[in-house]
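The values are calculated or read from the model by the stated rules, or taken from the named source; none is laboratory data. In this text the structure is predicted, and so the values were computed from the model without any measurement. Ideal geometry is used to build each Cβ from the backbone, glycine not excepted, and the neighbour counts take in all protein chains shown.
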Amino acid sequence: MLTITTPKFSVSDFTDMTPTSTVTSLPLEDTVKKLFAEYTATVGNEKANLITKANNTDPSNPAKLLELQNQVGNYSLALNMISTLVHKSVSAVDTVIKAQ
């Protein structure tokens, strides 16, 4: 019987934009830079984790391969979602600037 174990991480682990430290009243630009830096570090760690798992996974174990494929798919979906949200945010700001 094929059993898929729950991964040690989830998409929400690296798509959660909540800062790890408290953000005091920083200007918006500084807050965005800080959040982006934290997110970039988290995504970098996630990517390194997936690459390590891919290199160390036994190709003759279909359960592990399926788990890895699921994790890579979730990672890809999360990055696509972030990309879409950023694009829509930039377009909204651009529209507001052009309207002034």
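Summary of values
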| item | result |
| --- | --- |
| Pair list, Cβ under 7 Å, 6 or more apart: the stretch 27-39 residue surrounded by 11 or more Cβ atoms within 10 Å (Cβ to Cβ), other residue among the hydroxyl-bearing types (Ser, Thr, Tyr) and not in a helix (DSSP H, G or I) | GLU38/THR20 |
| Cβ pairs under 6 Å, 6+ apart, first in the stretch 77-100 and under 15 Å from GLU46 (Cβ atoms), second assigned to a helix (DSSP H, G or I) | ALA78/VAL11; ALA78/THR15 |
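Condition check ((1) part of a helix (DSSP H, G or I); (2) at pLDDT below 55; (3) within 27 Å of VAL93 (Cα to Cα)) across all residues:
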| site | (1), (2), (3) |
| --- | --- |
| THR3 | no, yes, no |
| THR18 | no, no, yes |
| VAL23 | no, yes, yes |
| ALA37 | yes, no, yes |
| THR40 | yes, no, yes |
